[in-house]
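Presented below is the structure to which this report refers.
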Amino acid sequence: MTLSFPRLLAGCLVLCTHWALAADGVSARQVLIGQNITLQGGKNDYGKAVQDGIQTYLQAVNARGGVNGRQVVLQTLDDDNQSTKAEANARQLVGQDKVFILFGSIEGGPSTAVMKAAVDLNVPFFGPIAGSPTLRRPHQPLVFPVRTEHREEFRALLDYAKKTGTTRVAFVRSDSETGLQHLENVRLLCRDLGMELVADLPFKSDVSDVQIGQMAQRIAATNAQVVINHGGAGVYERLIRQARKQGVRATFSGVNSGSTQLAKNLGELAHGMVFSQVVPSPWERKTGITREYQEEFARLKPGQEFSYGSLEGYLTAKALIAALRLAGNEPTRDSFVRGLHNAGSIDLNGLRASYLPGSHTGLTLVDLAIVTRDGKFRH
């Protein structure tokens, strides 16, 4: 059968109109997701672990047909843990690579920089793997964190310290705007718990050994009983080593970021340290999400160890896929946001992430884990 020219022209116009209206990054066969992440050319162990978890879940989903018949493809750029590069990467992903949405950065500074680009470009930013307060307050309509924020980790660590008889707190933070926001949260939490913040210890990324030594001296001089941090695992490791050399007796606790690497590098010095965690224990099978993660990770990443980072990456990718399904058969950026708000929350095999208009809470899970003598984490 042959088509008349008018009918052929009409069909072409319909097809052209369909593609003209298709969202950036969305084709008949795939949806392209833009990811900026801190890998540092493979030197960032935490970033590598997160990426392994993300890839595990996406590989499993794509093998089962993807989302509404589309393969989910990541376009990934490495920010080298530099905020300026993270923002430039985000703008390239949207402006040049024409991705659908932005996804899956780590670390507070780079994630905040990606958020700035997302807001400027009016593009959703899903699953920043960072605890920065800037990602939630003031409310960001286009930003959808999955993991719990650092404020709730600080609360759990301080509450535990208070219950063990500790009242004098030192806080290690980046010397940045985000670090100041973390400081204010710690001040408020200390006040609410009847504790005293006796030392604020800001640091720059290029902090010297001499400056690290001075920070350790200040912990001792203020008679701080517990020290907590908000990131900077490498700097925190150096500080703990210096403090122990100087005979500082304060207890050191930490947030989840880089906790596995910190405990491994410190060896015996990590024994007894308490860390807040924003995912369940990846080595136990007490929850549905960890059982699912263990089975898929062992199948697709044989020989690799389970870790907090890969479980968090897996969990965040699982939330991304759920959000893409909520966006509908012909997803747009508007339908992506609308789908999340209409659903109100996402079930992640027993964990629930909340996304309501005006409040993108994500998860609220915080668990505490202590490092045992053999370097394991016991929840």
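The values are calculated or read from the model by the stated rules, or taken from the named source; none is laboratory data. Computed from a predicted model, the values in this text were never measured in an experiment. Heads up, the Cβs are rebuilt from the backbone with ideal geometry, glycines too, and the neighbour counts pull from every protein chain shown. Each accessible area value is taken on the protein alone, full model and side chains, heavy atoms only, with ligands, DNA and RNA left out. Shrake-Rupley method; radii C 1.70, N 1.55, O 1.52, S 1.80 Å.
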Please determine, by comparing only the residues of region 299-332 that are in a loop (DSSP other than H, G, I, E, B) and surrounded by 16 or more Cβ atoms within 10 Å (Cβ to Cβ), which one is nearest to the chain's Cα centre (by Cα). S307
Here is a list of conditions, (1) hydroxyl-bearing (S, T, Y); (2) surrounded by 14 or more Cβ atoms within 10 Å (Cβ to Cβ); (3) touching a strand residue (DSSP E or B) at 6+ places or on another chain (Cβ under 6 Å), and S335 meets all of them except one; can you say which number that is? (3)
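Residue-wise test of (1) closer than 22 Å to Q277 by Cβ; (2) within 23 Å of the chain's Cα centre (by Cα); (3) assigned to a helix (DSSP H, G or I).
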position: G165; (1), (2), (3): no, no, no
position: A170; (1), (2), (3): yes, no, no
position: V198; (1), (2), (3): no, no, no
position: V207; (1), (2), (3): no, no, no
position: M215; (1), (2), (3): no, no, yes
So in region 172-196, with the set limited to residues that are of a type in the set (A, V, I, L, M, F, W, C) and not in a helix (DSSP H, G or I), which one is farthest from N256 (Cα to Cα)? M195
Is it the case that some residue within region 115-136 is crowded, with 24+ Cβ neighbours inside 10 Å and among the hydroxyl-bearing types (S, T, Y)? yes
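For (1) in contact (Cβ under 8 Å) with a residue 40 or more places away in the chain; (2) more than 19 Å from V198 (Cβ to Cβ), each residue gets a yes or a no:
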residue	(1), (2)
F126	yes, yes
T134	yes, yes
F154	yes, no
K162	no, no
T166	yes, no
Restricting to region 121-135, count the residues that are outside any helix (DSSP H, G or I) and within 24 Å of K204 (Cα to Cα). 5
Options A88, A118: the member that is under 18 Å from the mean Cα position of the chain (by Cα), outside any strand (DSSP E or B) and at pLDDT 95 or above: A118
Evaluation of R155 against (1) closer than 26 Å to G254 by Cβ; (2) basic (K, R); (3) assigned to a loop (DSSP other than H, G, I, E, B) (one fails), failing number: (3)
Restricting attention to region 91-115, report how many residues are in a helix (DSSP H, G or I), small (G, A, S) and in contact (Cβ under 8 Å) with a residue 40 or more places away in the chain. 2
Checking the condition over 22 Å from Q71 (Cβ atoms) and outside any loop (DSSP other than H, G, I, E, B), which residue from L340, L368 passes? L368
Among G65, G69, G127, which is the only one that is in contact with a helix residue (DSSP H, G or I) (Cβ under 6 Å, 6 or more places away or on another chain) and closer than 26 Å to G25 by Cα? G127
Take I228 and tell me if it is assigned to a helix (DSSP H, G or I) and open to solvent by less than 20 Å² (accessible area, probe 1.4 Å). no
Residue list for region 343-364, restricted to those being surrounded by fewer than 18 Cβ atoms within 10 Å (Cβ to Cβ), aliphatic (A, V, I, L, M) and either in contact (Cβ under 8 Å) with a residue 40 or more places away in the chain or part of a strand (DSSP E or B) (or both): L356
Look at P141 and say whether it is in contact with a helix residue (DSSP H, G or I) (Cβ under 6 Å, 6 or more places away or on another chain) and either at pLDDT 95 or above or open to solvent by less than 10 Å² (accessible area, probe 1.4 Å) (or both). no
Where residues in region 237-268 are within 19 Å of the chain's Cα centre (by Cα) and on the phi < 0 side of the Ramachandran plot, which of them is surrounded by the fewest Cβ atoms within 10 Å (Cβ to Cβ)? Q261
Take the residues of region 269-289 that are under 30 Å from L58 (Cα atoms), in contact with a helix residue (DSSP H, G or I) (Cβ under 7 Å, 6 or more places away or on another chain) and free of Cβ contacts under 8 Å to residues at least 60 places away in the same chain: which is surrounded by the most Cβ atoms within 10 Å (Cβ to Cβ)? P282
Take the residues in region 146-163 that are acidic (D, E) and within 18 Å of the chain's Cα centre (by Cα); name whichever of them is surrounded by the fewest Cβ atoms within 10 Å (Cβ to Cβ). E152
Boolean, R173 is among the charged types (D, E, K, R) and either closer than 30 Å to K318 by Cβ or open to solvent by 40 Å² or more (accessible area, probe 1.4 Å) (or both): no
